[in-house]
Structure formats: C-alpha cells, structure tokens
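Report on the structure given below.
The values are calculated or read from the model by the stated rules, or taken from the named source; none is laboratory data. Everything numeric in this text was worked out from a predicted model, so none of it was measured. Cβ coordinates were reconstructed from backbone atoms using ideal geometry, including for glycine residues, and neighbour counts include every protein chain displayed.
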Amino acid sequence: MTDIAIVDYGMGNLRSVAKALEHVAPEAVIAVTNNPEVVRKAERVVVPGQGAMPDCLHELDRYGLREAVWDAAANKPFLGICIGLQMLFDNTEEGNVSGLGIVPGRVKRFPASAMKDEKGQKLKVPHMGWNQVHQAMEHFLWKNIANDSRFYFVHSYYVETADANSAGYSAYPFPFTCAVAKDNIFAVQFHPEKSHAAGLTLLHNFVQWKPV
Amino acid sequence: MGLAKRIIPCLDVTNGRVVKGVKFVSLRDAGDPIEIARRYDDQGADELTFLDITASSDDRDLILHIIEEVAAQVFIPLTVGGGVRKVEDVRRLLNAGADKVSINTSAIQNPQLVAEAAGRYGSQCIVVAIDAKRVGQGWEVFTHGGRRPTGLDAIEWARKMQSLGAGEILLTSMDRDGTRDGFDLALTRAVSDAVDVPVIASGGVGNLQHLVEGIEEGHADAVLAASVFHYGEYTVRQAKEYMSQHGIEVRL
C-alpha cells in the first residue's frame, strides 16, 4: 500500500515535492500518481499544483481525479500546496470558475492598486520569494517551526476565508491567509518543498500527523 | 515584516565544473558544482542559479545529472539556464529537479518559445535572461556573450517577455559583468520599473555595498553574484547581514 500519494494531474513539477518527502520520510512508500485508485488507497495525500487554477481543475477532471481528491480531503491526512490550496475554495477570480468548495471562501488576484510598499515602491506580482508566516493557531504541522519563520512563495492569487479557517498569515503588503486548517486538511500557499529547514519540518510533521 | 529581497549565487558550469570569467571570456576554475551548491545552501542562499555554458551540445546531459544530485540535497529554488532551445529542453530540466528554467538567446530567435513554455508549465518557472549593453541613450540586447547585437531595446524587450509569460527577468549588464564595478544601476532601475514581474540584477558585483545599491537604487527584487562568493571573499550570510544592517529585509 502507498503511504503517501502525490496527486499528479500534469500541472507543474512534482519532482521537488517527491524529493522533499523522500528526504523527510525515507521509509515511506511514496507514489507520484494520476491513478484515482492509488489516491483512494493511500494513507496520506498531497495535492500540489502550479500554473492557472482553471487549467488545474480541467486537468484534474480529465484524469478523473476530482472524486479521489474529494474523498481524500474528507477522510485522510491531506496536504494542499499552492494551487492545491486554492482549488479547495468555492471559486476564483482567475477565469471566474468554481473550485471544489471544500473550504468556504474565494481566491482573488493581488489588486494592482494595492501593490506598493511603505516607501511607495512598486511590489511585483507574482509574490515571489521568502516571506514570513505568522501562525494563527496551534497546529501539529507547525510543531518545531518558530513563529514568523520564512517560507518560499510564488503566486499571483491568494485565498480569502473566515479567520476560523486560517492557520497562518503573510503580508504582501496587506495580510492574507497563507495556511488553512480544517479537520484532516492542511493546505498552504507557500512551497514547503522549497523552504529549506522550515519547509522540511512542516513536511515531516505532515508525515507524522494523526488528525482526530 | 514582508517579502525578503533575495540573494542568488550564480554557478556558471562547463564540463561539470564551476567556472568564472571576465566579460564572458578567460574562464577560471572555481570548483565542484554540488559542493558549492551545498555550501551556499548552508550559508543561507535564497535560491541558486546554474548557467550551463558548455559549448558542445554533446555534453549537455552533464548538467542534468548535476541538477538531479543538487535537487536531492538542497531544498531551495533552483534555476537552470543555458542552451534551452525547445519546450522539450524545459521539460527535461524541470524533470531533473529545476524549479525555474532561464531562456536567453532562444527567446530572441523564437519568442513563441517563452509563450509555449509558460503556457505548458506556468509563468512561475519561466525566467527570461536579458544581456544588455549601453548603446547611445539606451540599452540594447546582446547575445553570444555580448558579442552579437540584436537591435532590440532592453526595456521594450523585457516588457514583451513579460507579456508573453515570463515570470521573472534575469538582467545582466554586459558592460559590468566580471568588472567588479557594481551593477549598472540605471539599467536595472529602468527595467525593474518598466515591468510588474520580479527583476534579478546581475553583472558587476565587487563588494557588499553593490548588493545594497542594486536593491535601493536599482529597484531590483533580487541580486545575483558569482565571484564574490566563489573565492570565499564573502559568505552569503555576511552579504545578508550587511544588507540587513543597511535596512534591507532579508531572510537570515
């Protein structure tokens, strides 16, 4: 049986995610897979994703993976990364499409009018680089990670949801939710697989996590 | 609290070794790429850039093995450039473990390559490298290590690359590369202010104050340097501490 399934629906480079998980869980059987059956049988599921969310959803359906992702999000330790976070929401401004509707809220683009720092200098989109993550709740996945640690981000859209769902915030320049926790789901906008020690710790925590 | 400015050590790789030249000529050996990558990772580098300057296409697979090995040990973003001509080259580099692929000459010969690669893999992994040289009142894009003019205006070109899907611009001043006189700040600022995507300043770093200037005066989002780090003059951490002391937000 597969311990960890990394859902591969053809969007973006999943090798980094697989490498980082292999590094923190050398004993685990890790599958990068587009097979819904493998996802269904896995003990833990990771949904990464890069690029545009409408394309990601389209590809997810093309591989017949939507149900399997739904099932994982309802029943087992689930880690969403980047678009894997955004697709959990009700809808997105990107192409104005519906998401999976698992977490209430929407996905919005960084508004051009707000993109200035305190010195009045233009802030670039995508939000690319290392930003601080402020932990908004206690959570097993934050274990051994100092509050306000920096993680690596690259995205042009962010999620907006009720504070109760937000496990962490970043600021660019305004505060936005960069981590979501709900039952067996933990999902992050940043890339733990590219975030050095803090990112590897988060992945290690995910592998150990036993949500109640 | 906010987004940190990035420091990116650059490794020019040929025949499996890191080298560094002055104005793209007179190469000097700087060591083993995997060892160097690990050292910079330990020092707190925010990303690493590998430029494959191997002349012969027969030896191109060498870089794939190097990237594979680095990606298994170093968990920060890796950018790889040099000799990227087709979408297939982008795919091969991403599969080897690159997070971003840098396209230079081929973007000029075939701008649609940038659109195709960004369409297939997302803008976040497509960097367009621009080598620019002062010509008259402006800056012109050059290829072939600064030897061949293209007639393209660097600022216009940067804008066009953004519109085709480049997620980031790696901007090198060919006048400054290897000189240690500091970045071409006017060029950096002109390009950075003209586009919405992040700009990495490159070419000419000789001391740590140059890095500060690249951010403060050049408006760069990230600074790239090679020789100041390769020969142990400064560590990446020293560079970050210096920048932090000068009011620049960095990841320490």
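Numerical summary
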quantity: From the options B:Gly178, B:Gly145, residue that is modelled with pLDDT under 95, more than 14 Å from chain A (Cβ to nearest Cβ) and in contact with a Ser or Thr (Cβ under 8 Å, 6 or more places away or on another chain); calculated: B:Gly178
quantity: Inter-residue pairs, beta-carbon under 6 Å, first over 28 Å from A:Asp61 (Cβ atoms) and in the stretch A:16-42, second acidic (Asp, Glu), 6+ apart; calculated: A:Ala28/A:Asp3
quantity: Unmet criterion (only one of (1) modelled with pLDDT of 95 or more; (2) within 22 Å of B:Asp42 (Cα to Cα); (3) out of contact with any Leu (no Cβ under 6 Å at 6 or more places or on another chain)) for B:Tyr242; calculated: (3)
quantity: Test for B:Val74: is it touching a residue at least 24 places away in the same chain (Cβ under 8 Å), within 14 Å of chain A (Cβ to nearest Cβ) and not in a helix (DSSP H, G or I); calculated: yes
quantity: Yes/no for A:Gly80 being crowded, with 20+ Cβ neighbours inside 10 Å, under 26 Å from B:Ala118 (Cβ atoms) and in contact with a Gly (Cβ under 6 Å, 6 or more places away or on another chain); calculated: no
quantity: Boolean, B:Lys100 is basic (Lys, Arg) and within 11 Å of another protein chain (Cβ to nearest Cβ); calculated: yes
quantity: Residue within the stretch A:79-93 that is farther than 21 Å from A:Glu160 by Cβ, within 14 Å of chain B (Cβ to nearest Cβ) and in contact (Cβ under 8 Å) with a residue 40 or more places away in the chain present; calculated: no
quantity: Residue match in the stretch A:147-161 (condition: away from every other protein chain (no Cβ under 12 Å) and over 22 Å from A:Leu60 (Cα atoms)); calculated: yes
quantity: Residue within the stretch A:176-195 that is over 16 Å from the mean Cα position of the chain (by Cα), surrounded by fewer than 20 Cβ atoms within 10 Å (Cβ to Cβ) and more than 13 Å from chain B (Cβ to nearest Cβ) present; calculated: no
quantity: Members of the stretch B:1-44 that are surrounded by 15 or more Cβ atoms within 10 Å (Cβ to Cβ), out of contact with any strand residue (DSSP E or B) (no Cβ under 8 Å at 6 or more places or on another chain), more than 13 Å from chain A (Cβ to nearest Cβ) and at pLDDT 90 or above; calculated: B:Ile34, B:Arg39
